[in-house]
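Enquirer: Pasting a structure below so you can have a look.
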Amino acid sequence: MTVPISWYLLLSAFLFACGVTGFLTKRNVITLFMSIELMLNGVNLSFIAFATRLQTLDGHIFVFFVMVVAAAEAAVGLAIIIAVYRTRETLNVDRVNLLKL
Amino acid sequence: MHQFLFIVFAVFCAGGAINLLVQRKTINSALSLIVVMGSLAMIYLLLGAEFVAVVQVIIYAGAIMVLYIFVIMLLNAGDEEASKGSNVAKYFGIPGLFIGGIIGIGVLLKHRPNDTPLKLGALYGPADQVGMLLFTKYLLAFEVTSVLVLIAIMGAVVLARRSDS
Amino acid sequence: MSALTFLIVALIKIAITLGVLLTVVAYTVWLERKVVGRMQNRWGPSRVGPFGLLQPLADGIKFLLKEDLTPPYVEKNIYLLAPGLALIMALTSIALVPIGPVIHLFGISTPVQITGVVDAAGQPSDINVGLLIVLGITSLGVYGIALAGWSSNSKYSLLGSLRASAQMVSYEVSLGLSLVGVLLMSSTLSLSGIVHAQQSTWFGVIPQWFLFRGQFVAFFIYMIAAFAETNRIPFDLPEAETELVAGYHTEYSAMKFAMFFMAEYANMVTVACIASVMFLGGWTGPTISFLPLAVQAFLPLVWFTAKIFFFLFLYIWIRGTLPRFRYDQLMAFGWKFLFPLALANVIVTAFFVAWRA
Amino acid sequence: MPPSSTDYVRILPEIVLAVWGMAVMFAEPLLGPHTSRKGLGVFAALGCLLALGATVFQAQPAYAGFGFYNMLRVDHFSVFFHCVVILVALSTTLMSLDYLPAHKIDKGEYYALILLGAVGMCLMSSAVELVLIFIALEISSIASYILAGFRRHSAESTESAMKYFLLGSFATAFFLYGVALLFGATGSTNVFRIAEVLNTSAHIEPLAYIAVALIFTGLGFKVACAPFHIWTPDVYEGAPSPVVAFMSTAPKAAAFAVLIRLVIDTASPNWFWVIWVAAVLSMSVGNLGAILQSNIKRMLAYSSIAHAGYLMVAFASASNRELGISAAMFYSAAYAAMNVGAFAVISHMAGSHERFSSIDDYAGLGRRSPALAAALTFFLLSLIGIPITGGFFAKFYVFSAALRTHLIWLTLIGLVNSGMGSYYYLRVIVKMYMNEPRTTAPVPPVRLGVGLAIAISLIATLWLGVWPNAILHYTQGAPTILAGK
């Protein structure tokens, strides 16, 4: 039994879309960050699926770099959250509104 | 078997992703994200990317998400409050996403003729070969990531350290 | 081997391993009480059965029959999930540990390892990235503790679990790095492959364990980090009872508490297994030729068990001896001493391996 | 085959910057808590100078070409952007020497972050492999996020960092998805290989179009062109002024470099209408937004969106490779010079806690500090595009490139926008010379660091405005090389 590659790509697109939706609708900063992680995960699945179709390990390598970047982003992002929380005492993005958007 | 396993984990994945959106409690969202990551690791295994799968568990589920949970606990992030903020993003973003999704699916469906079927473990990615590639062809990228990590560490320390009185 | 036989063999192996593991866990508790008792000039448990040998059974019955409280204001789902998660993660990793060589029983050959199989050429093989899976499962173990503390809705629990997760994440780095030296020398990530790399001896006497092949620094780093990973004295800050009542399991009682308890001891056993596989040659050991063949077949298991119990005794011994660290000392020790040392060990080993090649 | 010594020369500027950054990082904890970090800043500036020297060394024809397993490529194009980025880093370092102590954020990590961030920006201009481009992009972005929040006790600064981070990572995810699809559609992550596949194969996979759109979205966020500009005003307002000088120019120039390499070299021309739309939107939104602002940093933020729009005009005309690309390169250099200069003056004027950042605070500056006012006037005139300034020739080349590729409407819209834009720049100048000062407090004396930063920008702007041929000649060499395999 085989699985067509488009199934993998659809799943990956779905995860990405969920991430985008979360980013646009959620109000808690930490959840927003998690939505971004979800988007990156969706992308990773695409990389692996394409690598499998093309029979090259380059896609796997890309996933490693994405993971490193995600880890770095998480560290910096959570530090920023802590800094924001210290000056504001809130995690709601709508209340972080000193600078008008 | 492959199809069955794929469907099971894909359902877990999609369910976790949806649950992340629906949940109001931050910690529940985080847990559903862990479920997504775990099932993605299983899907990588199905494709034969064993090393990537394990690293996915160790890095994503074992390190990054622990950090998230840690911060959630540290800041005592409870329920998400429903607030009325600017909804511009929603009004433009969601329809945009919808249209983008339709285009994407359209492309994929149109693509159907050369839709490659993937067998179980179709591209075997053992640790030694991945490492070989990492230290030859991608050597520069690998070295440059150290700068990235250094910046991240430094930034985290600078931004989150206690007030220097 | 047909699929059905494979399945049956695997199930039998799982059942046996799980049974043995849980027994070992139960009797480690007994051993601990007994040994610590002797160290402190007490008797330890002595009433239930000869030498108190039935004490674990009595404890188990007690845990089962006690009232199972769920405090109000807890996050119910996560509160119930956490102990299960901790126990499952603790029990899972034993599946990857090679406990013995290939055995032949009833016309079936199979290695004494749940994930191990015999390939077409009759050679034992297991998962290629076995060690990484063990590390992955260990890194997931922190969720049980973190979630327990979070969901209990109590400040002691929260503080305990914050400490625990920070501690485990920090020491995991040194733990992982300390194993890299061994990986460089054995050039495989498969656990049974690592055991095979240590099979030969020098002069027919001294075993070529990685501990004797220059990895003793790594061994000590591993042991220290492992103590911190399992939250044992002198690194048991998450449950430091003088400050935090009982840390993350303050709000747990009866069977749910017992699950945390079992998870901790199962983790100790796993850590000991990995230590003996990575540094002490796993199930390898001297063959004693005058014994009958049937007994000799079981010698590897004996060696393995002996090594495990050596480590378990070490745990108990240290518990009876050392005081607890202060939390900032613990963090400083992990990051400022252990981590650079582990890194240095990796670099030195890498140079050595490259020079030999 | 291990990399040769030539390979290392090809990343020499990056090596110098990285080593200097790490040296600053290591030196920081060795200094006592009350020691001034000015010495570290001077040291970092020296590192920038050395990196500039390394770039000049690298520019010799002997070192041109691919390096590190075809990961990067040294050519006119990369050398040009290296110089821009390193000069911006140098000016930022110099203007921060006195800003940091005044705001009680005198930390060595600041300089280390600028140097290490510059590593990423330099690599962005020379990388030809998407893996490396992605990592370099992230280095530059993450360094900018942290720098934006460097005044971490100020609510504005942390808020700016948060918004920048959120939208920046969001954009990164889009970029990455685009890369993944491009990888799937063409089977490679090498820019030249991708270009080859897309330009030669008879049937381009539709996936490639989606991929380019996603990549464009991601990079559009980074260069702040409309409709992906919303983060810009908030982030620029909250971030420390020297940091704004840095992140409104260097990462942007680098992102434009990536955009040039990727979009122009890989996409077939039917994509240029998207750039056309983005250019028109950016110019209009930027200029209209800027008119409404009362805070000078916000005003310049909107102006930077408008300038991104002008740059996009150059892109839209890049179907004529020679003119479009060289105009875009010239524009990014000119914009960097004049914007850094303007922000150098602003960061000097800002006072503690960035109190004086309203346009009204600049009233009467012509009398209070004639030299500063003259410098700011010069930079603002350059932003308008008055002759003898770099801004003039930048706009001139962009619009003439557009005209030569028969983009009449785009040129017209651009010119109208240019006229509209002059209003808000002139408003500041009028305020400075015609209005009464609000306070009698003397403007703090200009120290050496800020003075040098202003001088560098002034000279660069003037040079580009008076004698543009040398630069132009150099940039015109780039496109032919860029195209060649």
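The values are calculated or read from the model by the stated rules, or taken from the named source; none is laboratory data. Please read these numbers as outputs of a predicted model, since none were measured by experiment. Please note: Cβ atoms are built from the backbone with ideal geometry, for glycine as well, and neighbour counts cover all protein chains shown. The protein model used for the area step is the full one, side chains on, heavy atoms only, and it has no ligands, DNA or RNA in it. Shrake-Rupley method; radii C 1.70, N 1.55, O 1.52, S 1.80 Å.
Enquirer: Among all residue pairs at least 6 apart or on different chains, which show Cβ distances below 7 Å where the first residue, located in the stretch D:282-293, is of a type in the set (V, I, T) and the second is crowded, with 19+ Cβ neighbours inside 10 Å?
Expert: D:V285/D:A226; D:V285/D:H229; D:V285/D:I305; D:I291/D:Y424
Enquirer: Same structure again: Hey, can you tell me all the residues within the stretch B:12-32 that are farther than 19 Å from B:L75 by Cα, buried (at least 23 other Cβ atoms within 10 Å of the Cβ) and either within 7 Å of another protein chain (Cβ to nearest Cβ) or more than 12 Å from the chain's Cα centre (by Cα) (or both)?
Expert: B:C13, B:A17, B:L20
Enquirer: Of D:F150, D:F165, which residue is within 12 Å of chain B (Cβ to nearest Cβ), buried (at least 24 other Cβ atoms within 10 Å of the Cβ) and outside any helix (DSSP H, G or I)?
Expert: On the way: D:F165 fails: outside any helix (DSSP H, G or I).
Among D:F150, D:F165, only D:F150 is within 12 Å of chain B (Cβ to nearest Cβ), buried (at least 24 other Cβ atoms within 10 Å of the Cβ) and outside any helix (DSSP H, G or I).
Enquirer: Further question: Where the second residue is open to solvent by 30 Å² or more (accessible area, probe 1.4 Å) and modelled with pLDDT under 90 and the first is on the phi < 0 side of the Ramachandran plot and β-branched (V, I, T) and lies in the stretch D:402-420, which pairs have Cβ atoms under 7 Å and are six or more apart or on separate chains?
Expert: If the second residue must be open to solvent by 30 Å² or more (accessible area, probe 1.4 Å) and modelled with pLDDT under 90, the pairs left are D:T405/D:S319; D:T405/D:N320; D:T411/D:L403.
Enquirer: Now for a different question. Quick one: how many residues across the stretch B:134-165 are surrounded by 15 or more Cβ atoms within 10 Å (Cβ to Cβ) and either at the interface with chain D (Cβ under 7 Å from one of its Cβ atoms) or small (G, A, S) (or both)?
Expert: 18
Enquirer: Among the residues of the stretch B:1-11, which ones are open to solvent by 80 Å² or more (accessible area, probe 1.4 Å) and at the interface with chain A (Cβ under 7 Å from one of its Cβ atoms)?
Expert: B:M1
Enquirer: Let me ask something additional. Does D:E322 qualify as being within 26 Å of D:V85 (Cβ to Cβ) and surrounded by fewer than 21 Cβ atoms within 10 Å (Cβ to Cβ)?
Expert: yes
Enquirer: Given the conditions (1) modelled with pLDDT of 85 or more; (2) assigned to a loop (DSSP other than H, G, I, E, B), report the number of the one that C:A228 does not fulfil.
Expert: With respect to (1) modelled with pLDDT of 85 or more; (2) assigned to a loop (DSSP other than H, G, I, E, B), C:A228 is out only on (2).
Enquirer: Return yes when A:F14 is among the aromatic types (F, W, Y), assigned to a helix (DSSP H, G or I), over 17 Å from B:G38 (Cα atoms) and open to solvent by 10 Å² or more (accessible area, probe 1.4 Å) and no when it is not.
Expert: No.
Enquirer: Suppose the filter is touching a Phe, Trp or Tyr at 6+ places or on another chain (Cβ under 7 Å) and in a helix (DSSP H, G or I); does D:L403 pass it?
Expert: On the way: touching a Phe, Trp or Tyr at 6+ places or on another chain (Cβ under 7 Å): no; in a helix (DSSP H, G or I): yes.
When the stated conditions are applied, D:L403 does not pass them.
Enquirer: Something else now. Within the stretch A:37-95, how many residues are more than 7 Å from chain B (Cβ to nearest Cβ), surrounded by fewer than 24 Cβ atoms within 10 Å (Cβ to Cβ) and more than 29 Å from D:I146 (Cβ to Cβ)?
Expert: Residues meeting the conditions: 3.
Enquirer: Further question on the same structure: Restrict the check to the stretch C:96-103 and report whether at least one residue is without any contact (Cβ under 8 Å) to a residue 24 or more places away in the chain, surrounded by fewer than 20 Cβ atoms within 10 Å (Cβ to Cβ) and either among the acidic types (D, E) or under 30 Å from B:N28 (Cα atoms) (or both). Quick ask: steps written out before the conclusion?
Expert: Looking only at the stretch C:96-103, we keep the residues that are without any contact (Cβ under 8 Å) to a residue 24 or more places away in the chain, and these are C:102.
Now drop any that are not surrounded by fewer than 20 Cβ atoms within 10 Å (Cβ to Cβ), which leaves C:102.
With the extra rule that they be either among the acidic types (D, E) or under 30 Å from B:N28 (Cα atoms) (or both), the set shrinks to none.
Checked against the condition, which is being without any contact (Cβ under 8 Å) to a residue 24 or more places away in the chain, surrounded by fewer than 20 Cβ atoms within 10 Å (Cβ to Cβ) and either among the acidic types (D, E) or under 30 Å from B:N28 (Cα atoms) (or both), the stretch C:96-103 yields no hits at all.
Enquirer: Do the conditions hold for D:E156, that is, is it open to solvent by 20 Å² or more (accessible area, probe 1.4 Å), at negative phi and in a helix (DSSP H, G or I)? Write out each step before concluding.
Expert: Numbers: open to solvent by 20 Å² or more (accessible area, probe 1.4 Å): yes; at negative phi: yes; in a helix (DSSP H, G or I): yes.
Yes.
Enquirer: Follow-up question, since we're still on this one. Just to check your reading of the model, which residue among D:A148, D:A173, D:A195 is of a type in the set (A, V, I, L, M) and modelled with pLDDT under 90? I'd like the intermediate steps shown before the answer.
Expert: Details: D:A148 fails: modelled with pLDDT under 90; D:A173 fails: modelled with pLDDT under 90.
Result: D:A195 is the single residue among D:A148, D:A173, D:A195 that is of a type in the set (A, V, I, L, M) and modelled with pLDDT under 90.
Enquirer: Exactly one condition in (1) under 22 Å from the mean Cα position of the chain (by Cα); (2) assigned to a helix (DSSP H, G or I); (3) in contact (Cβ under 8 Å) with a residue 24 or more places away in the chain is false for C:V302; which is it?
Expert: (3)
Enquirer: Can you pull out the residues in the stretch C:1-22 that are without any contact (Cβ under 8 Å) to a residue 12 or more places away in the chain, under 19 Å from C:T270 (Cβ atoms) and open to solvent by less than 70 Å² (accessible area, probe 1.4 Å)?
Expert: Passing the criteria: C:A15, C:G19.
Enquirer: In the stretch C:37-76, what count of residues is obtained for those that are assigned to a helix (DSSP H, G or I), charged (D, E, K, R) and surrounded by 12 or more Cβ atoms within 10 Å (Cβ to Cβ)?
Expert: 2
Enquirer: Considering only the stretch D:189-197, I want to know if a residue exists there that is more than 9 Å from every other protein chain (Cβ to nearest Cβ), in a helix (DSSP H, G or I) and among the acidic types (D, E).
Expert: Within the stretch D:189-197, one or more residues are more than 9 Å from every other protein chain (Cβ to nearest Cβ), in a helix (DSSP H, G or I) and among the acidic types (D, E).
Enquirer: Mind counting the residues in the stretch C:311-357 that are in a helix (DSSP H, G or I), touching a helix residue (DSSP H, G or I) at 6+ places or on another chain (Cβ under 8 Å) and of a type in the set (D, E, K, R)?
Expert: Adding up the residues that qualify gives 1.
Enquirer: Here is a further query. When you go through D:G220, D:G238 one by one, which is the residue that is open to solvent by less than 10 Å² (accessible area, probe 1.4 Å) and within 14 Å of chain A (Cβ to nearest Cβ)?
Expert: One residue alone meets the criteria, D:G238.
Enquirer: Is it fair to say C:A166 is outside any helix (DSSP H, G or I) and more than 20 Å from C:L22 (Cβ to Cβ)?
Expert: When the stated conditions are applied, C:A166 does not pass them.
Enquirer: Residue under question is D:Y474, and the condition is that it be open to solvent by 30 Å² or more (accessible area, probe 1.4 Å) and either of a type in the set (V, I, T) or part of a helix (DSSP H, G or I) (or both); does it hold? Quick ask: steps written out before the conclusion?
Expert: Values: open to solvent by 30 Å² or more (accessible area, probe 1.4 Å): yes; either of a type in the set (V, I, T) or part of a helix (DSSP H, G or I) (or both): yes.
Criteria met by D:Y474.
Enquirer: In contact with a Ser or Thr (Cβ under 7 Å, 6 or more places away or on another chain) and modelled with pLDDT under 80 - does that describe any residue in the stretch C:1-15?
Expert: no
Enquirer: Further question: Any idea which of D:G385, D:G366 is more than 23 Å from D:A316 (Cβ to Cβ) and open to solvent by 10 Å² or more (accessible area, probe 1.4 Å)?
Expert: One residue alone meets the criteria, D:G366.
Enquirer: Starting from the stretch C:130-153, take each residue that is under 15 Å from B:L74 (Cα atoms) and within 9 Å of chain B (Cβ to nearest Cβ) and list its partners that are surrounded by fewer than 24 Cβ atoms within 10 Å (Cβ to Cβ) and of a type outside the set (A, V, I, L, M), counting only C-beta distances under 7 angstrom and pairs at least six apart or across chains.
Expert: Pairs found: C:S151/C:E75; C:S151/C:Y79.
Enquirer: Counting only residues that are part of a helix (DSSP H, G or I), at the interface with chain B (Cβ under 7 Å from one of its Cβ atoms) and in contact (Cβ under 8 Å) with a residue 12 or more places away in the chain, which one in the stretch A:22-36 is nearest to A:T90 (Cα to Cα)?
Expert: A:I30
Enquirer: Check B:E50 against each of (1) within 21 Å of A:L9 (Cα to Cα); (2) within 10 Å of chain C (Cβ to nearest Cβ); (3) out of contact with any Gly (no Cβ under 7 Å at 6 or more places or on another chain) and name the one condition it does not meet.
Expert: Condition not satisfied by B:E50: (3).
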